[in-house]
1. Any residue at all in region B:35-48 that is in contact with a strand residue (DSSP E or B) (Cβ under 7 Å, 6 or more places away or on another chain) and either assigned to a loop (DSSP other than H, G, I, E, B) or of a type in the set (Phe, Trp, Tyr) (or both)?
2. Step by step: first the residues of region C:103-124, then only those that are within 22 Å of the chain's Cα centre (by Cα) and more than 11 Å from C:Ile144 (Cβ to Cβ), then the one that is farthest from ligand 3 (Cβ to nearest atom). Which residue is that?
3. Quick check on this structure: which one of B:Glu268, B:Glu273 is part of a loop (DSSP other than H, G, I, E, B), away from ligand 5 (no atom under 16 Å from the Cβ) and touching a residue at least 12 places away in the same chain (Cβ under 8 Å)?
4. Pull up region B:49-90, narrow it to residues that are more than 16 Å from ligand 3 (Cβ to nearest atom) and among the small types (Gly, Ala, Ser), then point me to the one that is surrounded by the fewest Cβ atoms within 10 Å (Cβ to Cβ).
5. Taking the criterion of being under 21 Å from A:Gly258 (Cβ atoms), without any contact (Cβ under 8 Å) to a residue 60 or more places away in the chain and outside the structural domain of A:Asn136 (by TED's automatic domain parsing), would at least one residue in region A:164-187 satisfy it?
6. Hey, A:Ala179 hits all of (1) under 15 Å from the mean Cα position of the chain (by Cα); (2) facing another protein chain (nearest Cβ under 10 Å); (3) more than 24 Å from A:Leu65 (Cβ to Cβ) but one; which does it fall short on?
7. Looking at the structure I just gave you, is A:Val152 in contact with a strand residue (DSSP E or B) (Cβ under 6 Å, 6 or more places away or on another chain), closer than 23 Å to A:His223 by Cα, in a loop (DSSP other than H, G, I, E, B) and not aromatic (Phe, Trp, Tyr)?
8. Within region B:105-112, is there a residue that is within 27 Å of C:Gly253 (Cβ to Cβ), within 13 Å of ligand 16 (Cβ to nearest atom) and either of a type in the set (Gly, Ala, Ser) or touching a residue at least 24 places away in the same chain (Cβ under 8 Å) (or both)?
Amino acid sequence: DDMDLMADPGPDFTPYDAVLPPLKPLSGGEVRKSTITIEESTKEVAPGVEQKVWTFGGTMPGPVLHGQVGDTFEVTLVNHGTEAHGIDFHAGSLAPDTVMKPIPPGGSVVYRFTAERAGIWMYHCSSMPMSVHIANGMFGAVVIEPPDLPKVDRSYVVVQSEQYFGPQGGSADPDKVMAGVPDTVDFNGYPRQYDHFPLPAKVGERVRVWVLDAGPSRGTAFHVVGTQFDTVYSEGAYLLGGGGDSGATGSGGSQALGLMPAQGGFVEMTFPEPGHYPFVSHVMTDAERGAHGLFEVTN
Amino acid sequence: DDMDLMADPGPDFTPYDAVLPPLKPLSGGEVRKSTITIEESTKEVAPGVEQKVWTFGGTMPGPVLHGQVGDTFEVTLVNHGTEAHGIDFHAGSLAPDTVMKPIPPGGSVVYRFTAERAGIWMYHCSSMPMSVHIANGMFGAVVIEPPDLPKVDRSYVVVQSEQYFGPQGGSADPDKVMAGVPDTVDFNGYPRQYDHFPLPAKVGERVRVWVLDAGPSRGTAFHVVGTQFDTVYSEGAYLLGGGGDSGATGSGGSQALGLMPAQGGFVEMTFPEPGHYPFVSHVMTDAERGAHGLFEVTN
Amino acid sequence: DDMDLMADPGPDFTPYDAVLPPLKPLSGGEVRKSTITIEESTKEVAPGVEQKVWTFGGTMPGPVLHGQVGDTFEVTLVNHGTEAHGIDFHAGSLAPDTVMKPIPPGGSVVYRFTAERAGIWMYHCSSMPMSVHIANGMFGAVVIEPPDLPKVDRSYVVVQSEQYFGPQGGSADPDKVMAGVPDTVDFNGYPRQYDHFPLPAKVGERVRVWVLDAGPSRGTAFHVVGTQFDTVYSEGAYLLGGGGDSGATGSGGSQALGLMPAQGGFVEMTFPEPGHYPFVSHVMTDAERGAHGLFEVTN
Ligand SMILES: [Cu+2]
Ligand SMILES: [Cu+2]
Ligand SMILES: [Cu+2]
Ligand SMILES: [Cu+2]
Ligand SMILES: [Cu+2]
Ligand SMILES: [Cu+2]
Ligand code: NA
Ligand code: NA
Ligand code: NA
Ligand code: NA
Ligand code: NA
Ligand code: NA
Ligand SMILES: [Zn+2]
Ligand SMILES: [Zn+2]
Ligand SMILES: [Zn+2]
Ligand SMILES: [Zn+2]
Ligand SMILES: [Zn+2]
Ligand SMILES: [Zn+2]
Ligand SMILES: [Zn+2]
Ligand SMILES: [Zn+2]
Ligand SMILES: [Zn+2]
């Protein structure tokens, strides 16, 4: 085992960009078009560990798609890999029989869907066994904003997932995947990356973090050390805050957003003073497997 | 190991009926009476696997009891087995000291309760170790409709549970149960049964699925591929949809209902076009252990 | 293995007091001051099992701190142990950089925070690896009442946690902690203690149970056999009951409160008749590992 989770990432490592930029609204009739190429490539997936991962667009997770309720997305999926892969977007509604079908190496498909409902929706490879395709890198998020989403000072996206390493240079180990005890638990595909590249925020800013649990198998208890959530939105509805219609009495706060695999939501918080505020899965052994990052908060 | 989860069930296999028929209301003073016999019998519990299961009424799960808030149920439980078994209905409130007590082989008990609150409530054997009695087949659901439950086009009941096989022809292995890594994860007691016997629906129909997680140990993230939930009710309250009083802003949707063991609820959805829409636990390894079925949607 | 979970605790065993006394409100300007000493001491942690545990204040969980929204707490933490320990109070908001830092043996820190939001908040040791410090006893709860919390007849606090035993007389086994299959799952730090020392209640009384899942790793499905929850508050908001603003239609009930590690809430119930009503985690294998107690209900 060459992995030391506390070691620095290698010199070529670049963190996954967790920033969710403000949404540019569509003008009438426009469609959000993108191309995602499926890649099989060897990457550093933890300090000292290289795996041949399968990705959407070269990163793990794949690109964040971002829109609002009513937007249509047109994704051209191209398979540059050596085996069949496909895609399933939870953000859209359509019969799985056609566009979700795995496409052969060299093939492509155009997957068009309209986002009818708000939330942070998982996408993932549709090839069997899906648990292994997800564990080997094939997952991502689509953020669909509700029309009345309040503006905040900063928005981030954090996707939790698990890795079950094969041999150095190999791919995810299917037996480990089934046994369900991962080697790492990651935020945005690499253990502890935001300890090395902290996410910035300023004192007093309202920060929204969209969180998706991609699994394949473990839930999360997303927590930020040193602050509390005053607003929690999960699976399309507010659990706390967000106006007059939720179960909050106005006085409560939340310390952890609980998500099962394929669930998502967002939390909002402010930071009371400068400092380093860890964010973790409070499934504490998973935090120690890598589900740990830092907000660096300055004046 | 004789199990191939992708194989067909044997020729004698009949699926558990997932349909929840419309409720016939009681007239004044009537009581919902039933008799449930506890049976120990050898059954095919997965392709190629026979186990001596313990059941309520010969099926696994046992029969769905169905009523509305205020109804009284009178269940005569008869033990045809060779060891002590009992029953615990979460749907009713009463001191566990008497009617929940395990009854000896050949014995019987009359268990009477009034359903004071709506929800989908677990029942299960009350003999120790309960984890093994549940894993070996002794669980089921009571659906209590709220008085104002909207009519839908179709209602199904799906109960998730785990199996931990003993030797061929044997019963659940207590050590495997404690280790918590199941051989199969089932919807209504048999892995992937509704892949072979899909549940029908029509395009545009409103479909309600009542979901109960019977465990004994694993939660579920109930998801339907290709559609989204616009209404989610969990543990007696709406999380999404269902009128003006929940946390929804009206724009959100849900991709997965998360349940811990002994939790239940329902989800509602429509299907946009004909096709085959899988339903799974998005704990993806559990889907691959059998928590997978199909809706067959036609015009 | 000397453990027999069904055996009686030793003669020196005293149960953790689960009673939450009525809150004494502060008068203007007052602060809730306390001193918590960190102790390393050998204790009976299950029938026949002694471990060298690390505790806040000599008990496992540590003392329950109790206040209401707006109260300021000033905790002097003194380390009587032989290694570095610290504390992280989820109940307050402050930069983790200073007061959460582990303090050396013989050291102390004054940790001051104002409780801005209601809920039951975890505290725990802040030394690495936190999973082991929590598993070895370093956790507890802060209950912050919302200003409009209705009076009830009785209030209890139940904290679920896991133990992973080292050798007799030793401390928590880090490898077992990472593997995630505990030796015991406890309510208030000792398996089945309230089977031996049941919690009293009277027929018809409204009983509130504050529940916190301290982990380090497993969720709970808190259930009371023989009754139902008509009110559920989780992570700062009502899921059921609690006035007009939650998702309840008024007719629903709940059979289990699902919590991930570091989540908490409360449930309310009444008991319909005298008897013994078990409370459990309905993750049934965890109930059998010790997450089991009794309410003794009398007229
Ligand atoms: Cu793939
Ligand atoms: Cu914490
Ligand atoms: Cu039984
Ligand atoms: Cu999916
Ligand atoms: Cu410590
Ligand atoms: Cu039960
Ligand atoms: Na970044
Ligand atoms: Na915190
Ligand atoms: Na059927
Ligand atoms: Na879907
Ligand atoms: Na006590
Ligand atoms: Na009950
Ligand atoms: Zn390429
Ligand atoms: Zn997939
Ligand atoms: Zn810094
Ligand atoms: Zn019979
Ligand atoms: Zn039972
Ligand atoms: Zn068909
Ligand atoms: Zn001391
Ligand atoms: Zn700690
Ligand atoms: Zn008694």
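The values are calculated or read from the model by the stated rules, or taken from the named source; none is laboratory data. Just so we're clear, the structure is a prediction, and the values are computed from it rather than from any experiment. Neighbour counts run over all protein chains shown; Cβ positions are idealised from the backbone, glycine included.
1. Scanning region B:35-48 turns up no residue that is in contact with a strand residue (DSSP E or B) (Cβ under 7 Å, 6 or more places away or on another chain) and either assigned to a loop (DSSP other than H, G, I, E, B) or of a type in the set (Phe, Trp, Tyr) (or both).
2. Applying the first criterion (within 22 Å of the chain's Cα centre (by Cα)) to region C:103-124 yields C:111-124.
Restricting the remaining residues to those that are more than 11 Å from C:Ile144 (Cβ to Cβ) gives C:111-112, C:122-124.
Working: C:Tyr111: 50, C:Arg112: 54, C:Met122: 37, C:Tyr123: 41, C:His124: 39 Å.
The selected residue is C:Arg112.
3. Numbers: B:Glu268 fails: part of a loop (DSSP other than H, G, I, E, B).
That would be B:Glu273, the only listed residue that is part of a loop (DSSP other than H, G, I, E, B), away from ligand 5 (no atom under 16 Å from the Cβ) and touching a residue at least 12 places away in the same chain (Cβ under 8 Å).
4. Only one residue fits best here, namely B:Gly70.
5. So far as region A:164-187 goes, yes, one or more of its residues are under 21 Å from A:Gly258 (Cβ atoms), without any contact (Cβ under 8 Å) to a residue 60 or more places away in the chain and outside the structural domain of A:Asn136 (by TED's automatic domain parsing).
6. (1)
7. Numbers: in contact with a strand residue (DSSP E or B) (Cβ under 6 Å, 6 or more places away or on another chain): yes; closer than 23 Å to A:His223 by Cα: yes; in a loop (DSSP other than H, G, I, E, B): yes; not aromatic (Phe, Trp, Tyr): yes.
Yes; evaluated as a whole, the condition is true for this residue.
8. Of the residues in region B:105-112, the ones within 27 Å of C:Gly253 (Cβ to Cβ) are B:109-112.
Filter once more, keeping what is within 13 Å of ligand 16 (Cβ to nearest atom): none.
No, the conditions are met nowhere in region B:105-112.
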